[in-house]
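So the structure is just underneath, and the comments pick up after that.
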Amino acid sequence: MPRRPGSPRCVPIAVDDLPDVLLARDHPDDDARRRLRDGEWRRLRPGAYVVADTLPTDPFELGTQLALAHAVAVSRQHRPGVLSHTTAALMWGLPLPGDPGPTHVIRPTTVSGSHADDVVRHLVRLAPDEVTTVAGMPVTTLARTAVDCAATLPAGHGLVVVDAARRSGVTAEALQRALAGRPGTRGIRRARAVVEHADDGAESPGESSTRAALIGLGLPRPETQVLVRTAAGDMWADLGWRGWRLLVEYDGRSKYEDGGVDALLKEKRRQDLVESAGWRVLRVTAADLRDRRLLVRRLRAVLPADVAATLRPVGPFAR
C-alpha cells in the first residue's frame, strides 16, 4: 500500500537553539543577586539562571525552554552523565505530551556528593552504541530514548514519542534491540506493548493519541494513512478500518488556524468526496480524548453494532 509522502520528522536541537544559561560562578555574587532580585534573571536551579526576557510567553513553549535550559545547567555544572528519557527526547525534538518533568541522566555508578532533588539519575550501564551527542551534549540514541520514554511514561504518551521516533527513521528492529538492552527493568512490559503498536504512519501527536485511545477501548489496531480513491483523485485519511469502511480523522486546532475559512471549506469538500466514495468519517478532537465516555458514545454511533457492544477499557492504553 503506498504511503502519504512528506511525513514530518523530528529535528534535533542545534547548539544555537539551546537556551543561554548563566552560572553564578561566572559572575560576582552581588551582581547575580541583584539581577535575580530585579527580575532580570530567572532561577533554574542553585547557581544557574536564564535571562527572563528571552523566554517565550506561550506556556507550552516556556515549559520546553525551561526544561532544556535546566538540562544545559545540569550538564555545565556537574557533567552528570548521559541525558536520557524525556530530557533526551527534548534534545531530539520528539513531541512530549504534558510537562517535560525534571532532567534525567544515566550514569553507570553513583557519584559521591552529586545528588540533587531536581535531577533523576538512572544507574544503568549503556552500551557504546546507545550513546551519541546532540548539540554537543551526550544523549541516549533516538531508539534508546524512545524505549526509555515508553517504559516510564503512560502508554498513550509513550506511543506519541515512539511513533515520532519511527517517523524519523528508527526501525522496528532498532527498537527491539533497545528493548533487549533493558531486560527485567521497571516498565518493560509497558514498553514492549508501546513498541508493538508503534507506527511510522502517525503524522502528529494527536493522531498517535487517537490511535492509543481506540486500541485502549479494545478495537483492532487501525491502519494509518488510509488511501481513499475519490472522484477527484486519491486522498489520505489519518486512521481507519477498511473492512468497516470507517475512517477516523484527528482534528487539531492547528489544522484550521492558519487557513481560516478556506481551510474549513477545503476540508468539508474533502470529506464530501470521501463519503461519496462509500466511507464514513468520525472526527475526533482533544475533547474526545479527554473524555473516554464521550468517545465511546461517538464510536458506538458509527461502528457495527456487534463491535460497538464490545467496547471497554483494556490493556495499557486504557489508562
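The values are calculated or read from the model by the stated rules, or taken from the named source; none is laboratory data. Remember, it's a predicted structure, so these values are computed and weren't measured experimentally. Cβ sites come from the backbone with ideal geometry, for glycine too, and all protein chains shown count toward neighbours. SASA here: full protein model, heavy atoms, side chains in, ligands and nucleic acids out. Shrake-Rupley method; radii C 1.70, N 1.55, O 1.52, S 1.80 Å.
Some notes on this structure:
- Search result, residues across region 126-166 that are more than 27 Å from Ala69 (Cβ to Cβ) and open to solvent by 30 Å² or more (accessible area, probe 1.4 Å): Ala127, Pro128, Asp129, Arg166
- Sole residue being of a type in the set (Lys, Arg), closer than 30 Å to Arg242 by Cβ and touching a helix residue (DSSP H, G or I) at 6+ places or on another chain (Cβ under 7 Å), chosen from Arg42, Arg9: Arg9
- Scope region 202-230; condition open to solvent by 30 Å² or more (accessible area, probe 1.4 Å) and charged (D, E, K, R); matching residues: Glu203, Arg221, Glu223, Arg229
- Looking only at region 50-88, residues that are in contact with an Asp or Glu (Cβ under 9 Å, 6 or more places away or on another chain) and either surrounded by fewer than 22 Cβ atoms within 10 Å (Cβ to Cβ) or of a type outside the set (Ser, Thr, Tyr) (or both) come to 16 in all.
- Every pair of residues 6+ apart whose Cβ atoms lie under 6 Å, when the first sits in region 12-31 and is among the β-branched types (Val, Ile, Thr) while the second is assigned to a helix (DSSP H, G or I) and modelled with pLDDT of 95 or more: Ile13/Met91; Val21/Ala69; Val21/Val72; Val21/Ala73
- Selection status of Ala116, surrounded by fewer than 21 Cβ atoms within 10 Å (Cβ to Cβ) and within 17 Å of Ser75 (Cα to Cα): yes
- Note on region 67-148: enclosed strands (runs of 3 or more DSSP E) holding 2 or more residues that are more than 25 Å from Pro46 (Cβ to Cβ) and without any contact (Cβ under 8 Å) to a residue 24 or more places away in the chain are 131-134.
- For Glu203: the one exception among (1) assigned to a helix (DSSP H, G or I); (2) under 26 Å from Arg293 (Cα atoms): (1)
- In a residue-by-residue description of region 245-255, the property of being out of contact with any Leu (no Cβ under 6 Å at 6 or more places or on another chain), more than 25 Å from Gly158 (Cα to Cα), open to solvent by 20 Å² or more (accessible area, probe 1.4 Å) and among the acidic types (Asp, Glu) applies to no position.
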